[in-house]
Amino acid sequence: MSDPSKDPISHGREEAGAYWNAHPIATDSVPHPRGTEESFDAIFERWERRMSERRLAFLNSCRDKRLLEIGCGIGIDGRYFSSHGVKYQAVDMSRESLKLARRHFTMKGLLPRFANADATRLPFDDDTFDVVYSSGVLHHVPNMVEACREAVRVLRPGGTARIMLYHRASYHYLLVHWLVRPLVWLLLALPFGTAIARRMPDKFRQTYEICLEDGFSADRILSISTDTSTPGESNYNPLSYFVTQSEVRTLFAGLEGFEFYTTELKYYPLPFMRKAVEDRWGFFLQITARKPLNASG
Ligand SMILES: C[S@@+](CC[C@H](N)C(=O)[O-])C[C@H]1O[C@@H](n2cnc3c(N)ncnc32)[C@H](O)[C@@H]1O
């Protein structure tokens, strides 16, 4: 799959771009044609239904602030921000997602301030925004270190960064890395592995089929696990990093006052301890931190 003549960072970027252009976030998950008002509304309403009080409190605290969203997808969070008094600006590298985001905003009578940009090269001056917001994006950027540095650079001193990244100390990581990965490896090695995989749940079967087609790799299995992924070119997420709290502090060097909590518990089979496990070992690491008042750039 990889072409050794290409620099790995640009190559990763091309693959990620192809995936997000082919699968703008959430558009495959509702029973309405992509880009219709029904589709946007169904995705937005589900997003609102799943909103926690904690997250809502944060979103509402952004009223009147200049906020940059990095990786806005089709503008779901942006729709909330823009219709609740936030001075909203967004970037995404996927032209297809941005086309939908603009259409979404126009349908809802909101001001579409979107730019096509890569998170590693934000087209804004240092210290520009009161809030830098990014949910589920920076862990998909091949040069994640640079993307995090850019997020800090454009945040004004005293401003707040609110970021969601995939959590390595999570039930999700544990399940995929220590159960799914060895099982896929085993089935690939067995002569009747495909017959067994066909009887497994869809997500596992698709993971197996992708590895059968493109090769087994631990990183690939983790990346596939995070988003909609099916076999075929540009149909599975090519890159997802998982991070710990201590790595977050290093990635966002220059920020202070870090606060963390976790959400999302996919594939948890037990009816008990659900809330406790989600709060401690959730898949999404929600991060809030501030840029010191005396910092710049
Ligand atoms: C999982 S989606 C999240 C979208 C949105 N934040 C949401 O929660 O609905 C990831 C988004 O990040 C964008 N993205 C991925 N890599 C990027 C990069 N290097 N620069 C800017 N956007 C990027 C993708 O195009 C996609 O829209």
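Observations on the model:
- Subset of region 62-110 (residues that are part of a helix (DSSP H, G or I), over 25 Å from Glu14 (Cα atoms) and away from the ligand (no atom under 13 Å from the Cβ)): Ser82, Phe105, Thr106, Met107
- Selection from region 250-291 of residues that are in a helix (DSSP H, G or I) and under 25 Å from Glu53 (Cα atoms): Arg274, Lys275, Ala276, Val277, Glu278, Asp279, Arg280, Trp281
- Contacts under 6 angstrom Cβ, first residue in region 16-34 being small (Gly, Ala, Ser), partner more than 9 Å from the ligand (Cβ to nearest atom), 6 or more apart: Ala16/Pro238; Ala18/Ser234; Ala22/Ser234
- Residue check for Ser246: among the polar types (S, T, N, Q) and either crowded, with 20+ Cβ neighbours inside 10 Å or not in a helix (DSSP H, G or I) (or both): no
- The number of residues in region 215-243 that are at pLDDT 90 or above and either outside any loop (DSSP other than H, G, I, E, B) or farther than 18 Å from Leu187 by Cα (or both) comes to 14.
Conditions (1) surrounded by fewer than 20 Cβ atoms within 10 Å (Cβ to Cβ); (2) in a strand (DSSP E or B), marked per residue:
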{"position": "Ala119", "(1), (2)": "no, no"}
{"position": "Val132", "(1), (2)": "no, yes"}
{"position": "Ala147", "(1), (2)": "no, no"}
{"position": "Gly158", "(1), (2)": "yes, yes"}
{"position": "Met164", "(1), (2)": "no, yes"}
{"position": "Leu179", "(1), (2)": "yes, no"}
{"position": "Val184", "(1), (2)": "no, no"}
{"position": "Leu188", "(1), (2)": "yes, no"}
{"position": "Ala195", "(1), (2)": "yes, no"}
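- Just one of the listed residues (Gly257, Gly282, Gly297) is under 15 Å from Val152 (Cβ atoms) and either aromatic (Phe, Trp, Tyr) or at pLDDT 90 or above (or both), namely Gly257.
The values are calculated or read from the model by the stated rules, or taken from the named source; none is laboratory data. A quick note: this is a predicted structure, and the numbers were derived from the prediction, not measured. For neighbour counting, all protein chains shown are included, and Cβ atoms are generated from backbone atoms with ideal geometry for every residue, glycine included.
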